[in-house]
Amino acid sequence: MAKKRTIRLSIAGMSCAGCVASVEKALQSVDGVEEALVNFAEHTADVAGTASVEKLIAAVKQAGYDAAELRGVEDESEKEASEMAYYRALLRKAGAAFVLGAPLFVAGMAGVLPPLDTSAGRLFWTVVGVLTLGVMIYAGGHFFTGAWKSFRKHQANMDTLIALGTGSAWLYSTVVVIFPHVVPVLAQHAYYEAAAIIISLINFGSALEMRARGKTSEAIKRLIGLRPRTAIVVRDGKEVELPISEVGLDETLRARPGECIAVDGIVIEGQSRVDESMLTGEPMPVEKKPGDEVIAGTINARGTFLYKSTRIGGDTVLAQIIELVRHAQASKPAIGRLVDKVAAVFVPAVMIIAVLTFMAWMNLAPERGIAYALVTTMTVLIIACPCALGLATPISIMVAVGRAAERGILIRNSEALQQAGHLTTIVLDKTGTVTEGAPRVTDIVAAKGWTEDDMLQLAASLEAGSEHPLATAIVTAADEKMLTLFKAVEFEAVAGHGVRAEVEGKRLLLGNERLLQEAGVALDDWADKVTALAEKGRSAMYLVCDGQVAGLLAVADPVKADSREAIARLHANGLKVVMLTGDHRITAEAVAREVGIDSVLAEVLPQKKDKQVEKLQAQGEIVAMVGDGINDAPALARANVGFAIGSGTDVAIESADITLMRGSLHGVADAISLSRLTLRNIKQNLFGAFIYNALGIPIAGGILFPLLGILLNPMIAGAAMAMSSVTVVSNANRLRLIKLD
């Protein structure tokens, strides 16, 4: 059975947004393809499914384009080098066409060109026609080749418009030079310079667009650049430098000052500070000591240490981040899919408008109709630009996703980026999200006949096998007092309530009031003591031994230093902030007051957290859930946008739409700000593209002629068409410079 995977292809030959639909349709027609996303801005395709690379490439070629698989850094570098070579080729072609067209244009404006009705004039223009044909083949051959391929597939794209426009100008000019009496005297004019300059301007615009598009992927290039090529591996007691591909699991590696960490691993000897800013956005280096995790691509700032490899190759955090960013950049929000549909029919619509324009001028201006019809038709074909329309959404998404990655915000797909800008309510888990997630035992209240150490010893013995943060706090407190732990048998965790087990022959319960009520244990006046502790922001747990309350253990989880400031930013953005927790209501409300949270949903069982999110959605709220634990996963999946704290569990991260690599709520505010800025940027791009075509095409068709007596010069149309795409890309690149704080 074929294995499902995602294949990344480099696509060549796409000239406009209309090509996107053709390539996607070709890929989706292959058996085994589940999803095909073509990114016009990057000229790549991400294909998910079981189809083979060979079949996918064959389908793309059958559609009239070319493709090659991108498998790693080497292929990406080769693609980048190929694009740079193509960029230089476009500049050379633009220059060649300009060298011919510009002097003709200047001489024509000065009135020094020979007339067509003399033998010298016909000879001159014949030579110019041959030179123009050569320029069109050299500098514009790719337009005609692309148009022919599209024609054979019964399709039309930007190449079709350019080839028709410049080709008809050259053909008309040649007919006029050879057979001048075929057309009226007033229509006897050659347009060779227009064809040459139009090709020059469009090539130049494409080169500028390509250069600007390259800047949109700076973030992914920097991430790829973090991948080290070699590693210092300790084998047989000797340190040897090996290619990164030869490093295996459980190898011992050396990290030297100033070097990149080669693979993910665990420090086993020595200590240092590591700069993780490119992955987390956190500028301060992080202290590393034995037992701490190190991530490939981070920089060892000072000191040297040994570490054991735990993840290599495509399994490293850096590799997964690169893959996640690429997928997000290639994905399409709803607005992008709508634009693709419009772009797919745009070129055929323009060709129909061009035909109607030609027919109108032939009938409305019989004396110079053919000349006017040619100029206006050519101008309509040239000015229409589906590229700007097609670039409007993906180029902004690419910049935004890359910008987010630089700040330690990993966006799984562009739909989440779009949705984040419409949020109305933010739901926050408490432990590990608002608070540090590393609680400590603050109070032990013992019943008569019990000592604090006896209570702590039994509670820690009971919780020794649990990974819950509260359990960790109790075990840590016992370790600090060097208490000996006993073995717990018949251990049972009661979700949202607590735990029970037998320790040293004693039946123990440790948990909240509900656990005791289920067990039929009398609370007496202990409930008042729990309330008093809760009002101080401390979570109290009952310890019950053989049916009697032995006392209380209170745990406090300190609030993160920047939680209050981050929540204030969310409020400033007009968002309602809710805390959702399984903690006691009074404790939760104490934390909420400290950080400025609007409302609290407390004592909510893990399995019911998603129901609370659903209730908010039923009230018309667009909800984001922010959490870090396994018990948050259903709520993260239920929310309109799920934010996982990167320091949390893999399950939470897999359930979320957006992952925050550092544990700060500022990441949520940053993501929302970036989303709103991106949506505004996309709308600006789309507005510009639509207005350009809505105004440009009628003006090109001659709508101003009856009023002002002017027709738009085809060369101006070519310049406008070339620069419209550059404008869209440049506007998107502004997202790289905007401050989010």
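The values are calculated or read from the model by the stated rules, or taken from the named source; none is laboratory data. As the structure is a prediction and not an experimental result, all values here were calculated from the model. FYI the Cβ positions are ideal-geometry reconstructions off the backbone, even for glycines, and counts take in every protein chain you see. Ligands, DNA and RNA are stripped out before the accessible areas are found, and what is left, the full protein with its side chains, is counted by its heavy atoms. Shrake-Rupley method; radii C 1.70, N 1.55, O 1.52, S 1.80 Å.
For this structure, a couple of remarks:
- Rounded tilt (10° steps) of 18-28 against the dominant C-alpha axis of the chain: 50 degrees
- Karplus-derived 3J(HN,Hα), 6.51/-1.76/1.60, for each residue of segment 532-540, Hz, glycine and proline x: 4, 5, 5, 5, 8, x, 10, 8, 9
- Taking 19 Å as the straight-line reach from the Cα of Lys238, the lysines in range (excluding those fewer than 8 positions away in the same chain) are Lys308.
- Relative contact order of the chain, defined on C-alpha pairs under 8 angstrom at six or more residues apart (%): 13 percent
- Helical content alone sets the calculated 222 nm signal of the chain at -17000 deg cm²/dmol, taking -39,500 (n - 2.57) per DSSP H segment of four or more residues and averaging over every residue.
- Judged by the mean number of other Cβ atoms found within 10 Å, the most tightly packed of the peptides 251-264, 98-111, 32-45, 720-733 leads the ranking 720-733, 32-45, 251-264, 98-111.
- Carbon and sulfur %, accessible surface of the chain computed with the full protein complex present, 1.4 Å: 58 percent
- Cα-centred dipole magnitude for segment 269-338, charges only on beta-carbon of K, R (+1) and D, E (-1), debye, nearest 20: 260 debye
- Amide hydrogen neighbours beyond the local backbone of Glu269, cut-off 5 Å, H modeled: Leu306
- Protein heavy-atom accessible surface, 1.4 Å probe, per residue over the chain: 44 Å².
- Backbone phi angles across segment 322-331, fed through the Karplus curve with coefficients 6.51, -1.76 and 1.60 (θ = phi - 60°), yield HN-Hα couplings of 4, 5, 5, 5, 4, 5, 5, 5, 7, 6 Hz in residue order; Gly and Pro are listed as x.
- Residues in segment 563-573 carry Karplus couplings, in order, of 4, 4, 5, 5, 5, 4, 5, 5, 4, 4, 8 Hz; the curve used is 6.51 cos²θ - 1.76 cosθ + 1.60 with θ = phi - 60°, and Gly or Pro positions show x.
- Residues whose amide H lies under 5 Å from that of Thr230, counting only those 5 or more places away or on a different chain, are Ile244; hydrogens are built 1.01 Å from N in the peptide plane.
- This model, with +1 at the C-beta of Lys and Arg and -1 at the C-beta of Asp and Glu, gives the chain a dipole about its Cα centre of some 3140 debye.
- Once backbone amide H atoms are built at 1.01 Å from N, Val600 has Met579 as its partners under 5 Å, excluding neighbours fewer than 5 places away on the same chain.
- For segment 457-533, with +1 on Lys and Arg beta carbons and -1 on Asp and Glu, the positive-most of Gly505, Ala471, Leu516 along the dipole: Gly505
- Only Cα pairs under 8 Å and 6+ residues apart enter the sum, and on that basis the relative contact order of segment 127-280 stands at 16 percent.
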